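A short worksheet on the structure shown next.
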Amino acid sequence: MKQDGKDNVHFPHRHLLGIEGLSPTEISILLDRSESYVDQNRRANKTTPLLHGRTIINLFFEDSTRTRTSFELAGKRLGGDLINMSVATSSVKKGETLIDTAMTLNAMHPDVLVVRHPDSGAVKLLSEKVNCAVINGGDGSHEHPTQALLDALTIRRRRGGLSGLLVAICGDITHSRVARSNIHLLNTMGARVRLIAPRTLIPSGIERMGVEVFHDMAEGLRDCDIVMMLRLQRERMDGNFLPSIREYFHFFGLDYEKLSHAKEDALIMHPGPMNRGVEIDTDVADDVGRSVIREQVEMGVAVRMAVLELLALNPEYEGKG
Amino acid sequence: MAGTKTAYINARLLDPTSGLDSPGGVLTDGETITDFGPKLFNKKPPKEAEVVDCGGKCLAPGLVDMRIEIGNLAATVGAAVSGGVTSAVCLPNTDPAIDDMSVVEFVARRARKQGMAKIYPYGAVTKGLAGKELAELGLLAESGAVAFSDGVHAVADTQVMRRALSYASTFGLMIVQHPEDPSLAAGGVVTAGETATRLGLFGIPTEAEVIMVERDLRLCELTGGRLHIAHVSTGAAIEAVRRGKDRGVNVTCDTAPPYFALNETAIGDYRTFAKLSPPLRSEDDRQTVVQGLKDGTIDAIASDHTPRDEESKRLPFAQAAPGGIGLNTLLAISLELHHNGHMDLLDVLKLITSSPADLMGLKAGRLEKDGPADLVLFDPDEGWKVDADALPGKAQNSPFDGRPVQGRVLRTVIDGRTVFECGQ
């Protein structure tokens, strides 16, 4: 286990803005590093002083409990100074606020900014205006790279690898940054990706991202190794994209009947928070033999520790903040 | 009824699907056709079978009507069988609307109880037919809705129509559109033009139809959905559908008898029975409808049966309810296409049997072994005069009142049982 981040391994990017464009080696560097933190997080003393003296700012333009807490824990366990900033986006012109905020924060010399924003591309825009490392904590419907990494780590630990696995991602693909990051990561690592959803929740042209599209759960889940369910936002349910919760659950909610079409030992995943009885049946979600949903949360902290460490202590950029 | 055999002998057998038009017979056993053909009874009908001598008249699959309003159920199924219609699909603009599984099941159960024509429901595209939120298309289809429509209202909002086509295609379901732009049609009661102007009635431009059709064709292409345009009545709309089909759009359409048999002059002196939706068109448009039927652009004929009570028709034209009954006259008016030399008898029959059955996914509209014993016996030539007051059924608002026609239904058989006999 590595006690020192400044050894031979380093991640050759200033920021982590998305999975798209990362090579298999770069993804493996992140996952291997994350692996080392899983054990640390299970010890009584979970803290190492690797990031002592470094400043991390959680800058969230959108409500979040899980991701923000996960980053917060990760930063504190590495001994960094971490503060949370939540910024309301409503009133003022968003572009101006975003860049003004970035400039203000930049003047305080942080080492890492973790940013979540409701607009796709906003995190990248912000990264161009600051001198520190930026981690995308989720931008609009674009990317959520640490989620895809924690999903990959969970799968890898359970299945020994990603290559050759058949993964179904089910639900609201149109609005999901989790789906997009996972599609990039899984394809890069040699897994095969299927998407299953009603047509209204499948964005046009997605086949070009290297996925197979299905509109029937039984068909789409056939022989899958991994079943990833996505959270369905309530506001999609009011008759715009879907008629009703009961219809959605009837045709696309994961229950044992539909799950029976996947491989017998298929893993069930969900980025949380779950809508029980909407996209997933309670019994399936709580099935200790199949569901790795809680493990995903655990892996999330390890992945974020690895990402924070590798970006904050990147020898190529150190001291340039 | 199982085990009850009936032999229909001495008939002129007509089956559009197989192209059969020859003397022959049909043998039914219980609810199904067990055999049929030109040489079936060369020897003799089976001893135990009841024999019906068809007297050389036409024996064809029972008619399939892909669009009726149900009104009074008992009266409507009575009108259906008197018109030779054995299967009909009813619009969802009932009260309550067919936008919920329980209503689909209720309609199906009540219709079965009548033991007459088989009634299948359309499901609503949007909740309460309000054009805003998608109805539960998947669950409605599982309950028995055969296709989806907002009835006499167009799904007007472009985004809603897009989502409807897209969502329906998840399950391979068809959206049936009433082709009329509601804002262009607002306040209009007849087709805009000379007739409307002379009568002083507010007109709907014919463009209201083609604008909606063109929009929906684009949405159909965008979504990969399945679109059917109900009662096309203008040359421009038919041309749009023709071009859509040519470029591979998954679209079909139908028309109704008033649009190939009548034009706007039928309104005459403010006859409210001729107030329809879409409104009767010009003679030019009527001729393009006939042409569309001949060249196959129009896939089917539906009766558009819309029963209205006297109170809603005995009003100033602008205030009267639109719609006309059509079940009783579907066969006779459609046969005009044959008698006028436009189409072969089998081609006309196809438009009111196998073609609508296929569009609606019904097991009906053709003679086939082990298929349902739904039959109509008719004389294609016998003349009679439409007398609205004397037509079976409760409502009398026929736009064809007073019209001399040719073609009389003699007997209607559903699931092997005779449910209508002329003169009885």
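Observations on the model:
- Extreme residue, nearest to the other protein chains (Cβ to nearest Cβ), among residues of the range B:123-136 that are closer than 14 Å to B:VAL103 by Cβ, within 22 Å of the chain's Cα centre (by Cα) and among the aliphatic types (A, V, I, L, M): B:ALA124
- Filter result for A:ASP255 (away from chain B (no Cβ under 14 Å), open to solvent by 40 Å² or more (accessible area, probe 1.4 Å), in contact (Cβ under 8 Å) with a residue 24 or more places away in the chain and acidic (Asp, Glu)): no
Residue-wise test of (1) assigned to a strand (DSSP E or B); (2) within 14 Å of chain A (Cβ to nearest Cβ).
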{"residue": "B:ALA108", "(1), (2)": "no, no"}
{"residue": "B:ILE119", "(1), (2)": "yes, no"}
{"residue": "B:GLU142", "(1), (2)": "no, yes"}
{"residue": "B:VAL152", "(1), (2)": "no, no"}
{"residue": "B:ALA164", "(1), (2)": "no, yes"}
{"residue": "B:GLY172", "(1), (2)": "no, yes"}
{"residue": "B:LEU184", "(1), (2)": "no, no"}
{"residue": "B:GLY188", "(1), (2)": "no, no"}
{"residue": "B:ALA208", "(1), (2)": "no, no"}
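- Residue within the range A:175-191 that is within 14 Å of another protein chain (Cβ to nearest Cβ), modelled with pLDDT of 95 or more, surrounded by 24 or more Cβ atoms within 10 Å (Cβ to Cβ) and outside any strand (DSSP E or B) present: no
- Residue list for the range A:193-235, filter: part of a helix (DSSP H, G or I), closer than 22 Å to B:ALA135 by Cβ and either in contact with a strand residue (DSSP E or B) (Cβ under 8 Å, 6 or more places away or on another chain) or within 11 Å of chain B (Cβ to nearest Cβ) (or both): A:ARG199, A:THR200, A:LEU201, A:MET217
- Selection from the range B:340-361 of residues that are within 23 Å of B:GLY407 (Cβ to Cβ), open to solvent by 10 Å² or more (accessible area, probe 1.4 Å) and not in a helix (DSSP H, G or I): B:ASN340, B:GLY341, B:HIS342, B:MET343, B:ASP344
- Any hit, the range B:85-96, residues being within 14 Å of chain A (Cβ to nearest Cβ), aliphatic (A, V, I, L, M) and assigned to a loop (DSSP other than H, G, I, E, B): no
- Taken over the range A:139-160, the criterion of being more than 12 Å from A:SER176 (Cβ to Cβ), touching a residue at least 24 places away in the same chain (Cβ under 8 Å) and not acidic (Asp, Glu) is satisfied by A:PRO145, A:THR146, A:LEU149, A:LEU150, A:ALA152, A:LEU153, A:THR154, A:ILE155, A:ARG156, A:ARG157, A:ARG158, A:ARG159.
- Matching residues, the range A:42-73, being open to solvent by less than 40 Å² (accessible area, probe 1.4 Å) and part of a loop (DSSP other than H, G, I, E, B): A:THR48, A:LEU50, A:LEU51, A:PHE61, A:SER64
- Cβ pairs under 7 Å, 6+ apart, first in the range B:147-171 and closer than 18 Å to B:TYR122 by Cβ, second among the aromatic types (Phe, Trp, Tyr) and surrounded by 24 or more Cβ atoms within 10 Å (Cβ to Cβ): B:ALA147/B:TYR122; B:PHE148/B:TYR122; B:SER149/B:TYR122; B:ALA168/B:PHE148
- Any hit, the range A:280-287, residues being open to solvent by less than 50 Å² (accessible area, probe 1.4 Å), at pLDDT 95 or above, in contact with a Gly (Cβ under 8 Å, 6 or more places away or on another chain) and acidic (Asp, Glu): yes
- Residue within the range A:52-61 that is of a type in the set (Phe, Trp, Tyr) and at pLDDT below 95 present: yes
- Taken together, the criteria place A:PHE241 among residues that are within 14 Å of chain B (Cβ to nearest Cβ), out of contact with any strand residue (DSSP E or B) (no Cβ under 7 Å at 6 or more places or on another chain) and closer than 18 Å to A:ALA179 by Cβ.
- Scanning the range B:213-225 finds one or more residues that are assigned to a loop (DSSP other than H, G, I, E, B), touching a helix residue (DSSP H, G or I) at 6+ places or on another chain (Cβ under 6 Å) and either touching a residue at least 60 places away in the same chain (Cβ under 8 Å) or within 21 Å of B:ILE70 (Cβ to Cβ) (or both).
The values are calculated or read from the model by the stated rules, or taken from the named source; none is laboratory data. Keep in mind it's a predicted model, so treat the numbers as computed, not measured. Every residue, glycine among them, receives a Cβ derived from its backbone with ideal geometry; neighbour counts consider all protein chains shown. These area figures cover heavy atoms from the full protein model, side chains too; ligands, DNA and RNA do not enter into them. Shrake-Rupley method; radii C 1.70, N 1.55, O 1.52, S 1.80 Å.
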